[in-house]
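The structure appears right after this line, and notes come after that.
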Amino acid sequence: MKLDKKDILKALENITVPGEGQNMVESGAVKNIITFGDEVIVDITIKNPSLQAKKRTEVDILKTIHEEVYEKAKITVNVKVEAPEQPKANVIKGKPVPGLRNIIAIASGKGGVGKSTVTANLAVTLAKMGFKVGVLDADIYGPSIPIMFDVANEKPLAVNIDGKSKMKPIENYGVKVLSIGFFTQPNQAVVWRGPMAAKALNQMIFDAHWGELDFLLLDLPPGTGDIHLSIMQSLPITGAVIVSTPQNVALADAKKGVAMFQQESINVPVLGIIENMAYFTPAELPDNKYFIFGQEGAKHLAEDLDVPFLGELPLVQSIREAGDVGRPAALQTATALEQAFEKLTQNVVQEVVRRNDDLPPTEAIKITTMAGCAAVKK
């Protein structure tokens with residue numbers, strides 16, 4: 001017997017697509033029918049990916065054609081599954097914080113490169129330029145920002161905002177500051193696992209009354225670990241600044257820091273790289289430069305990674321002394337250090353403006369159970 005394609009289609013109108021409620025012809029699930037005498041090939045696409053749905057579809061087609069068209073028909077059913085894209089499981093979405101216009105992460109792959117010093121001086125320089133600035137000390141295990149702003153003995157007060165109790169950041173030099181150091185004793189070690197540290201950070205972000213800020217600088221801990229992911233899951237970061245010294249050991253880790261922000265699951269714009277301790281200049285020989293840690297290593301790294309080079313800072317004793325006494329070196333008016341930090345800060349602001357002109361607002365990253373937790377090759 002020669003089978004007719006029209007008869008096959010009419011028979012398939014009596015079969016409902018698993019989980020869709022329409023018959024196979026109406027829904028467009030039937031993609032093709034080919035007949036050769038008493039042989040028929042049916043190509044069909046369903047959206048239900050379960051093995052049970054595929055088997056039921058095949059059995060229903062065989063049974064219907066045999067009963068309604070020809071009981072001895074030789075039937076081949078090709079079932080293809082095109083499941084709709086499912087939303088990622090365990091998606092974490094950050095909450096926007098009203099009033100925070102730009103959130104800048106200051107990071108480094110390695111400790112001891114002067115990241116907190118750079119953060120403090122950037123903050124006071126931005127404040128001198130007229131911006132409203134805050135600093136969140138996200139280095140839970142080694143908070144140093146309270147010392148650098150001479151507020152180590154201060155304690156944040158509670159204020160009532162719209163019926164809710166909020167922490168009021170400590171303010172000095174025109175900069176609002178919050179740090180875990182305000183809530184621990186000077187000699188107390190913070191021995192917390194990741195979830196505890198992340199919870200403390202979230203409280204300092206969302207339970208604080210930051211008010212209106214043009215810039216919130218995040219002083220991140222060294223490395224590329226749990227604290228970094230927690231911050232980027234909680235906040236939509238405008239961009240990241242990487243701090244490094246010129247030496248190869250530091251540059252290797254700085255490269256990993258850039259790779260962390262640039263990986264697909266995070267995708268935070270890198271505003272640029274700062275070279276700290278670029279050279280040593282003794283006070284008695286202000287025109288001399290001694291490249292103790294190598295020369296222009298961070299500048300070359302920025303060129304290799306195709307990210308902006310934001311500038312270099314010298315290794316000067318007074319920068320260290322200023323940080324230790326809690327008065328950032330950028331406050332030293334009419335000095336070469338003030339000029340260096342002003343130029344550096346202008347470059348950062350310029351990159352933020354360019355980033356906001358060229359790119360849409362950053363969203364807090366959405367990390368699934370495993371995404372973003374693997375090693376990144378760069």
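Dividing the convex hull volume of the alpha carbon atoms of the range 1-72 by its residue count gives 75 Å³ per residue. Using the Stokes-Einstein relation with a Kirkwood hydrodynamic radius computed over Cα pairs, the translational diffusion coefficient of the range 247-355 at 20 °C and a viscosity of 1.002 mPa s comes to 141 µm²/s. Ranked by the mean number of other Cβ atoms within 10 Å per residue, highest first, peptides 149-155, 269-275, 255-261 order as 269-275, 255-261, 149-155. Applying the Karplus relation 6.51 cos²θ - 1.76 cosθ + 1.60 with θ = phi - 60° to the range 48-54 yields 3J(HN,Hα) values of 7, x, 6, 4, 4, 5, 4 Hz, where x marks Gly and Pro. Here's the list of lysines a cross-link from residue 31 could span, going by alpha-carbon distance under 30 Å and ignoring same-chain residues fewer than 8 apart: 2, 5, 6, 10, 47, 54, 55, 63, 72, 74, 80, 88. Between the listed residues 282, 119, 142, the Cα displaced farthest toward the positive end of the dipole of the chain, a dipole computed from Cβ unit charges relative to the Cα centre, is found at 142.
When the alpha-carbon atoms of the range 283-332 are used, the pair Rg, Dmax equals 13.9, 38 angstrom.
Dipole orientation for the chain: of the candidates 251, 231, 346, 231 has the Cα lying most toward the positive pole (charges on Cβ; Lys, Arg +1; Asp, Glu -1). Once you treat every alpha carbon in the range 201-288 as an equal point and sum by Debye, what is log10 I(q)/I(0) at q = 0.18, 0.21, 0.22, 0.23 Å⁻¹? Normalising to I(0) and taking log10 leaves -0.88, -1.07, -1.13, -1.20.
Rg/Rh for the chain stands at 1.25; both radii use Cα atoms, and Rh follows the Kirkwood definition.
Of the solvent-accessible surface of the chain, computed with a 1.4 Å probe over protein heavy atoms with every protein chain present, carbon and sulfur atoms account for 50 percent. Seen against the Cα atoms of the chain and their longest principal axis, helix 336-358 is set at about 20 degrees. For the range 294-365, the dipole from Cβ point charges (+1 on Lys and Arg, -1 on Asp and Glu) about the Cα centre works out to 280 debye, to the nearest 20. Assign unit charges at the C-beta atoms only (+1 for Lys and Arg, -1 for Asp and Glu), then state the dipole size of the chain relative to its Cα centre in Debye, rounded to the nearest 20. The calculated dipole for the chain is roughly 700 debye. Taking only alpha carbon atoms, the range 102-193 gives an Rg to Rh ratio of 0.97, where Rh is the Kirkwood radius.
Taking all protein chains together and a probe of 1.4 Å, list 287, 219, 60, 7 from the most accessible to the least accessible.
Result, largest first: 287, 7, 60, 219.
The accessible-area ordering, largest first, of the residues 228, 66, 300 stands as 300, 66, 228, per a 1.4 angstrom probe. Beta bridges assigned by DSSP with both partners in the chain are antiparallel in approximately 30 percent of cases.
Taken per residue, the accessible surface of the chain reaches 52 Å², heavy atoms only and a 1.4 Å probe. The charge dipole of the range 134-178, taken about the Cα centre with unit charges on the Cβ atoms of Lys, Arg (+1) and Asp, Glu (-1), comes to about 220 debye, rounded to the nearest 20.
The values are calculated or read from the model by the stated rules, or taken from the named source; none is laboratory data. All values reported here derive from a predicted model rather than from experimental measurement. When we count neighbours, we look across all protein chains shown, and the Cβ atoms used for this are built from the backbone with ideal geometry, even at glycine. These area figures cover heavy atoms from the full protein model, side chains too; ligands, DNA and RNA do not enter into them. Shrake-Rupley method; radii C 1.70, N 1.55, O 1.52, S 1.80 Å.
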